[in-house]
Structures are given as structure tokens and as C-alpha cells.
1. Tell me which residues, restricted to the range 518-559, are buried (at least 17 other Cβ atoms within 10 Å of the Cβ), in a loop (DSSP other than H, G, I, E, B) and of a type outside the set (Gly, Ala, Ser).
2. Can you find, within the range 548-587, the residue that is nearest to the chain's Cα centre (by Cα) among those that are among the aliphatic types (A, V, I, L, M) and over 28 Å from GLY478 (Cβ atoms)?
3. Being touching a Leu at 6+ places or on another chain (Cβ under 8 Å) and of a type in the set (D, E, K, R) is the filter here, so list the residues in the range 396-411 that pass it.
4. Restricting the search to the range 267-284, which residues are part of a helix (DSSP H, G or I), closer than 17 Å to THR232 by Cα and in contact with a helix residue (DSSP H, G or I) (Cβ under 9 Å, 6 or more places away or on another chain)?
5. Based on this model, can you work out whether ARG475 counts as farther than 30 Å from GLU528 by Cβ and either touching a Ser or Thr at 6+ places or on another chain (Cβ under 6 Å) or part of a helix (DSSP H, G or I) (or both)?
6. Let me spell it out: the conditions are (1) of a type outside the set (Gly, Ala, Ser); (2) in a helix (DSSP H, G or I); (3) under 25 Å from SER155 (Cβ atoms), and GLU37 meets all of them except one. Which number is the exception?
7. Going through the range 478-493 one residue at a time, which ones are in a helix (DSSP H, G or I) and at pLDDT 90 or above?
8. Given the conditions (1) surrounded by fewer than 24 Cβ atoms within 10 Å (Cβ to Cβ); (2) under 23 Å from ALA442 (Cα atoms); (3) not aromatic (Phe, Trp, Tyr), report the number of the one that ILE393 does not fulfil.
Amino acid sequence: MSLTKLFHPSSVAVIGASRKKGQIGREVLTNLIESFEGEIYPVNPKVDRLEGLKCYGSISEVPGEVDLAAIAVPARIVPDVFRECAESGIKNAIVVSGGFKEVGEEGAKLEKELAEIAEENEINLIGPNSMGVISTSSGLNATFAQEMALPGNISFMSQSGALCTAVLDWANEVGTGFNHFVSLGNKAVLDEVDLIKEWDQDEKTDVILGYLEGIQRGSEFVSVAKEVTKTTPMVVVKAGKTEEGASAAVSHTGTISGSDDAYDAAFAQSGVIRAQNVEEMFDYGSILSHQSPPKNRKVGILTNSGGPGVMATDALEQYGLELARLEETTLKKLDGVLSSLASRDNPVDLTGKADEDDYRESLEYMIEDENLGSVVAISAPAAIVSYPVLTEILADVQGNTDKPIVGTLMGGKLSQESQENLESAGVSNYFDPARAVRALSALVEYGRIRDKEISTPVNFSIDNQKVEKKLKEYRDSGKRVVGLEGLELLQYYGIHTIPTKFARSAKEAKEMAAQYDSPVVLKVDSPEIIHKSDVGGVKLGVKPDEVYGEFRAMVNKLRKNCPDAEINGIRIQETVNGEEIIVGMKRDPQFGPLIMFGLGGIYVEVLKDVSFGVAPISPARAREMVESIDAFPILEGVRGKSGVNIESVVEVIQRLSKLSMDNPEVQELDLNPVIATSAGARVADVRIKFAD
């Protein structure tokens, strides 16, 4: 359903409007009266009039059509009131009352009832346990906050009501405005996905910001956000970096990955810029709401103080930007402006003796330089420099160029007085040079997101009958975890493997090894033993005539080290030399299959040089995963050593992604190691965990 009337109602009813000041229902009513020009209907059976308005005994008594109901009654009667709203044909509601799933089982039952009523009657519901909704474009303040938001082009959502009140107070202080401002509450019905869809179509929303504590519709969020961020930048703070209530991991992937890895991967794939805190979120939101991304990562720094210029230069490397090399023509122009004490090389240090004219000319010359994509303009307070004049200079120059200028007018009161004028002119200003560069990096990153082509996953052809037959074998065996016998399932998905021979005795092993011309690898076959090397379950470079003795020695050692482990036998493989990598999967409760890639073998949990992606994985995303690990240069080939076949590795990731999407009963999966060579990538070992 459309959310238009939620944000742009013609009439609002406040159910639970109280006569007592300080009560939530009274505060919501007061805020509406002060801001909203449409019809307002207080509902309270014990009061005749409130704030000069006629009160109604129930929502059914309201004579006019009600576009939006704000409900502020005790939790125990909210379902009855909400049902009455449904019977009255109301299609949009906000429940500001608390006392639902946030307080325990009884509250959760009440919340479930609300969700059922909303679904049956197609009602858009914000909350419960919500501070409310503000829409400056319609003059709507249906909250119990102490003040109305300033108008702006940012739409903001938060799962924390307390954070909403703090943000409003801060935003009004610094002059940051909003188009829509929503406290999501418990998200019984409407959530971040619904708001993202709505705000993407809103002409007055240029940036979407959010503070989220969890995303339930993970796959849909990724799909929707991927489209939205092509035209509307999104910045999110995701609170909570630990995985709570997770079952014990039985694989390398499960050990390393956590819920936060899934969020990182989901945001990266969907084009959402992740901020680490609220300050960072609004720093990013400010610059994204004012300016367009630069054409490149090369930055010019103009300053009247050497120290802040150095700080900005250091920050460029930290945040992935580059210090631009100025053109010779620019340097010659600067020679005509700068004093003998000044530095004309980037960063351009005017020194404290420069006046406003020097600052203007230098900035204009730098902004004309073709090498520069953007400029960070810094000024420390100086007796001969007026901040109001500098503000005008920055605004004038910004108005004549499409290159972003980021202001850093340092100081206290002087800087604050310039802030509002700069922002109205489309120039973001930050006290700290490092913050300015960090914000600029978000603008550059959004340019990459916007211009990046959307890559779709490959639909590999699979023999589904063979796959189902093999899965039935696993189910019939009663095993929840399978090891090397899982290689056959990988083969059905087109994933190349290193063939194995299975021996139950030393004699069988000796006979099988005789078929090899070179040393072999021995591996224990046991569903209980995860880290084979740690307990003596792997032996490399075994000559065929030594296999008999090594088999017996391995079994004896394993019985001593792992007395409770079921040992099916020993697997024999040919020796393949190459780079060891890992490709794994863990099923995340919010986002589904989380695919991991990194260095494999015995080092994966030590170095943790890994990357993640949320399935389904496209070719472009798979390549990004491979190229993003620190060890990628090793895979490309270093010091005369030939590199591996990167395309074959990229394909393994995609095929594992499809296997994971096709088979929801597979909970965790490790391909470790995968031996990658110049000829291709082949899986040497596998471990698969199935759902109970």
C-alpha cells in the first residue's frame, strides 16, 4: 500500500489525547496543533474539549474521514482501539504506546495481535513503541518530541526513540533539516524496507539516513536498496556487532563469520554506506545532501595553517583518497598570489599572513585545475581573516563549479556562526580536517556506487535429479555433517574437485596408493574432526610404499587424540601444488547464505584474511570478494611466481552461492582447502552441515 497519507494526511486523530500536560497523548496533540494545518480529532471519552478542540468518545464517533491515527493508550487496550480504527476504515496508524515485545512474552502477544489486525485490514502501522512521525513537507509532527524538525532534504529513520529526541535537539542546534523523520519502534508491520521504497519515490528526499538495530527482511532489503542507491544515497548505522544466540559453529566459516559480517556484506552489495556512529552518519548525510560526487579521488588542500593541512593530508590516505598533483599552470598562477613564506605545493599553505583576497584567488585557481576532483578548504582563526567573508568566498566559488568544496573553518563560536550560511550555499563544514576528509570519502564512495553497473548472478545449469538423489542419500544416512563424501555433490554443481579413494584398512590403502606414480595425501574421514591437521589427521607427501605404515600410525594417533570421534577410514588424494584458499558458507538468519572467501589451509583462522558476500553472488561481486583480501597480490603472482587462474576462483564462489540458494537444508559448508593453480581451482576437502 502507498504510504502517501501516512506522511501527508489531511486529518489526524489522537486516540488517548490526555488533559494532563506531560502525558504522551497530550504532547502528541500539542505538537500537531502547533504544526499541522489539517483536521485534528482528539479522542478521549472523559474529556469534552482539549486545546480548544472538541473531543470524541471513540474513533467511531469522529464525523470526518481520518487519514492517520496516533494511538497513545495503555498497551493492554491498544489492540481493541486498533481494531476499532480498522472498522472505521483508517489505513494509517502510529502506536506510540510502549509495553509490547520489548517487555516480554505478554507484550509480544499484544504486538502479534496488532500485526494480524493490520494485515487483515491492510493498515500501514508504525510502531508500537514509537516516538512518532514527522513530515516537514506536510507540517506533520505526530510525535511526543519537544520540538519540530527543521525542513530539509534528508529522510531519517531510527529504531531508537531516545536517539530520535537527541538527534532532533542536535539537528535544530546545528541547522540540519529533514523531510521525513520516523521512529520505527518495534516494527510490527512497517519497517526500513517499506520506508526506503517510499522515500525513493519522494522528490523532496535526496538522502536516506538510518539507525538500525536489526533487519529482518534481509534479502529484500538488499534487493530494494541496490536499486534505490542508484539515485538516492543511503547511510546506515547498524548497532550491535556481535552475534547473539547463535548455535555452536562446526566449520571454519562458522567460526570466523558473525552477524556483523553479514551486514557489512549486505550493505556493500546494496550500495549502502555504513557509518560507525551517529556523528559519522550525519557528517556523511550533510555532504551527500549538498553536493554531487567528484569526478575522481584526487583532492586539493588549501589552508592558512600548516598543521591542519598535514592532518588533512594524513587523512586522505586513511580514507582512500589521493593528494592531487597541481598542474604547472596552476602553480604559476599561485606564484602571483602567495608570499615567499607560503607553500605552493599541494597542500597549498597560505600561512597566517594571507588575507581574504589571497584565499579567494588561490581557491579559484585550484578549483580550475583539471587534476583536482575536489578541494578541502581549511582556515584557522586569524586576525586578518574574517570568517563571514570566508563563508561568502566559499559559497561564491562553490556556486560557480560542480567540483565539491568541503569547508573546515576551525574554531568555536566563529565556526558555528558560519555553519548555517555555508550549508545553505551547498558547502558542508567540519571543525576537524580529518572529519572533512572522511565525509568527502563518503561522497567519492557514493559516486562509485552510483556509476557501478548492476551485475546479475549466473544461472548455472544443474542436474537437479542427481542433486536430489545425493541429498536423499545424506538424509537417509542420518548424518548431520558429511566430509569428503560431499565432493560428489560439489561435482553436480560444476565445482571441480580432486578425486579421492576411500580406504577402511591399511591393506586397502596400500593397494590404492600403488595406482599413483607420485607421493599422495592421506586425510582422515570423520564427521567429528573439523581441524584435521591439529590432531594428526592429515599427512602430506606420503610415498605409495609408505602408505601402509602411515595409515596405521595415523589411526593410532587419532584414537589417542580423539577417542570419541567416529573414524570412517582414510581418504587418499593425489598431491596438487598451488595456493590454498577457502570458500565457505554459513546461513545467516536475516540475509540467508553468507559466502566467505580467503586464504585457506591451516592459516584461515589465524590470519582471517577473508571477505564476505550475501548470496546470490554475481560475477562482479565474486571478483570483488577475491580482490579485496590482503593476500590478493599472492594470487596474482609475485616474485616471478605464476599467479592462479582468478576466473576459476571467481566461478567457484558463484557455483557455491547457487548450491547454497538451491538447498536451504545446507546450514554450513566449507571448501577448504581449494587448491588454486594457473590451470584452475579444485576442491581438496569439504565439510557440509545440514539442518536438524
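The values are calculated or read from the model by the stated rules, or taken from the named source; none is laboratory data. Just so we're clear, the structure is a prediction, and the values are computed from it rather than from any experiment. With ideal geometry, Cβ positions are generated from the backbone for all residues, glycine too; neighbour counts draw on all protein chains shown.
1. Result: PRO527, ILE529, ILE530.
2. Among those residues, the one meeting the criterion is ILE581.
3. Result: LYS403, single match.
4. Listed by number, the residues that qualify are PHE267, ALA268, GLN269, SER270, PHE282, ASP283, TYR284.
5. In short, no.
6. All conditions are met except number (2).
7. GLY486, LEU487, GLU488, LEU489, LEU490, GLN491, TYR492
8. Unmet for ILE393, out of (1) surrounded by fewer than 24 Cβ atoms within 10 Å (Cβ to Cβ); (2) under 23 Å from ALA442 (Cα atoms); (3) not aromatic (Phe, Trp, Tyr): (2).
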